[in-house]
Amino acid sequence: MIDLHCHILWDIDDGPSDFDGSMAMARLAAADGTRQLVATPHVQDMLHSPELIAEKVARLNQALRDAEIDLEILSGGDNLYNLGVENLARYSINGTRYVLVEFPHTHLPAQAGDTLFAALNHGLVPIITHPERNPSIVQNPKLLFELVENGALVQLTADSLTGGFGPAAKACARYLLKKKMVHFLASDGHSSKHRPPTMSAGFKAASKIVGKDAARMLVFDNPAKVVQGIEL
Ligand SMILES: [Fe+2]
């Protein structure tokens with residue numbers, strides 16, 4: 001599997017505090033069947049230097065090769081929606097046109113559509129992270145449909161499908177899947193203990209809802225195109 005959203009880098013956001021924590025997450029992800037994983041530290045008020053992200057990714061990859069762990073880390077960012085297009089482009093996934101875009105956890109801002117259109121007009125492809133955990137979208141999923149019809153893509157948190165984020169997120173995740181409004185599952189992992197970087201349980205749950213072939217698209221085919229910069 002390929003995980004497009006994971007807070008695996010140490011000492012940069014609310015992910016692991018030290019390098020050993022990153023390695024523990026990497027071991028878990030590899031054991032769960034993930035082969036490529038995009039390191040996506042939060043980019044909000046604090047604009048980390050992309051060079052710092054690249055350095056940490058390189059160091060982690062070296063350690064994974066040394067330990068013969070079959071996992072490759074790529075660079076990216078978990079970007080707050082209102083960073084502006086120039087900043088979004090600096091934290092794209094593996095240097096492609098694809099960018100993660102996160103909305104506040106409390107509501108869908110009135111400017112959500114405008115910020116996504118600005119990104120699309122700039123040649124970027126915004127991927128909306130975990131809409132099933134956004135109260136405005138849980139209440140009115142049509143808000144999300146409009147954004148998707150205009151060109152945005154959608155990533156569910158894999159554990160939402162198994163109830164890890166509560167019954168409302170689970171119901172919304174299942175509804176969005178059935179409506180074919182989902183392009184990716186990702187772990188949004190933060191640690192090896194509380195929010196592990198795993199997706200196999202979500203993949204299994206998705207297979208039961210939409211069938212194995214459609215579920216495979218969410219964790220293999222579609223994310224593979226993203227990391228290679230190929231159009232979906
Ligand atoms: Fe995240």
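The values are calculated or read from the model by the stated rules, or taken from the named source; none is laboratory data. All values derive from a computational prediction rather than experimental measurement. Please note: Cβ atoms are built from the backbone with ideal geometry, for glycine as well, and neighbour counts cover all protein chains shown. Keep in mind that these areas ignore ligands, DNA and RNA; they rest on the heavy atoms of the full protein, side chains included. Shrake-Rupley method; radii C 1.70, N 1.55, O 1.52, S 1.80 Å.
List of remarks:
- DSSP loop GluC sites (Glu not before Pro) with at most 15 other Cβ within 10 Å: longest gap in the chain: 69-230
- Cross-link reach is defined here as a Cα-Cα straight distance under 17 Å, omitting same-chain residues fewer than 8 places apart; for residue 178 the lysines meeting it are 142, 170, 204, 208, 212.
- When only Cα pairs below 8 angstrom with a gap of at least 6 residues are kept, region 90-232 shows a relative contact order of 20 percent.
- Here's the picture: charge each Lys and Arg Cβ at +1 and each Asp and Glu Cβ at -1 in the chain, and of 166, 92, 4 the one pushed furthest to the positive end of that dipole is 166.
- Each label was represented as a point 7 Å from its Cα along the Cα-to-Cβ direction; for residue 70 and residue 175 these points are 4.0 nm apart.
- Tensor-based shape of region 1-102 (alpha-carbon gyration tensor, a/c under 1.5 rounded, otherwise prolate or oblate): prolate
- The chain - Debye-derived log10 I(q)/I(0), Cα point model, q = 0.10, 0.16 Å⁻¹: -0.40, -1.09
- The aspartates and glutamates within cross-link reach of residue 225, meaning a Cα-to-Cα straight distance under 14 Å and a gap of 8 or more places when in the same chain, are 3.
- Counting 0.36 nm for each residue step from residue 55 to residue 27 and taking away their Cα separation leaves a gain of 8.1 nm.
- Local electrostatic count at residue 37 - Lys and Arg +1, Asp and Glu -1, tallied over other residues with Cβ under 10 Å: -1
- Accessible area per residue for the chain is 44 Å², calculated with a 1.4 Å probe on protein heavy atoms, without ligands, DNA or RNA.
- The trypsin sites (Lys or Arg not before Pro) found in region 141-232 that occupy coil by DSSP, while having at most 13 further C-beta atoms within 10 Å, are 179, 180, 193.
- Estimated distance in nm for a label pair at residue 107 and residue 231, the labels positioned 7 Å out from Cα along Cα-to-Cβ: 3.7 nm
- Computed magnitude of the charge dipole of region 2-228 (debye, nearest 20; Cβ of K, R +1, Cβ of D, E -1): 1040 debye
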